[in-house]
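Okay, structure first, notes after.
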Amino acid sequence: MVALCREQGFPYWDAGSLSARGGAFLRLGRAAEAVDVITEALAKFRATGGVTTVPWQLTTAAEALCEAGRPIEALKRLDEAEQQINATEERWREAEMHRVYGECLIAR
């Protein structure tokens, strides 16, 4: 899907596809790869001007960072996700953000 989005010039969906790929890496236990891919996806998504799903992407990035042994960086991403949630009222993944926050606190 990433290749198709790039080929057809759909940057928003390219970013979404990359984010999904990063989430898959995370679920496969490949946290370091997940961090890189999700970070790239988030940068591409922001370049489109999009704001929806940013808290979800930040939360997934934080989970990957925590799994990769970088809980302090993860907590910073979660703080950013919380700010975005408060600014946009996009709360559909807020509970997940709090779960990941707890995991990162334990891992510190």
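Taken over the range 1-59, the alpha-carbon convex hull comes to 66 cubic angstrom per residue. The sum of -39500 (n - 2.57) across all DSSP H runs of n ≥ 4, divided by the residue count of the chain, sets its helix-only mean residue ellipticity at 222 nm to -26000 deg cm²/dmol.
Using the Kirkwood radius over Cα pairs, work out the Stokes-Einstein diffusion coefficient for the chain at 20 °C and 1.002 mPa s, in µm²/s as a whole number. Intermediate results must be reported in sequence, preceding the final value.
Numbers: Rh = 13.7 Å.
Answer from the Stokes-Einstein relation: 156 µm²/s.
Identify the GluC sites (Glu not before Pro) of the range 64-108 meeting these criteria: DSSP loop state and at most 13 other C-beta atoms within 10 Å of the C-beta. Show your work: numbers first, answer last.
Numbers: sites: GLU67, GLU73, GLU80, GLU82, GLU89, GLU90, GLU94, GLU96, GLU103; in loops: GLU89, GLU90.
Passing both the DSSP loop test and the Cβ count: GLU89.
Test of understanding: in a Gaussian network model of the chain with alpha carbons linked when under 10 Å, which of ALA31, ALA74, ALA43 would top the mean-square fluctuation ranking? Looking only at ALA31, ALA74, ALA43, the largest GNM fluctuation is found for ALA43.
We did not get these values from a lab; they are worked out from the coordinates using the rules stated. Computed from a prediction, not measured in an experiment: that's the story for all the values here. Because the Cβ atoms are built from the backbone with ideal geometry, glycine has one as well, and the counts that use them run over all protein chains shown.
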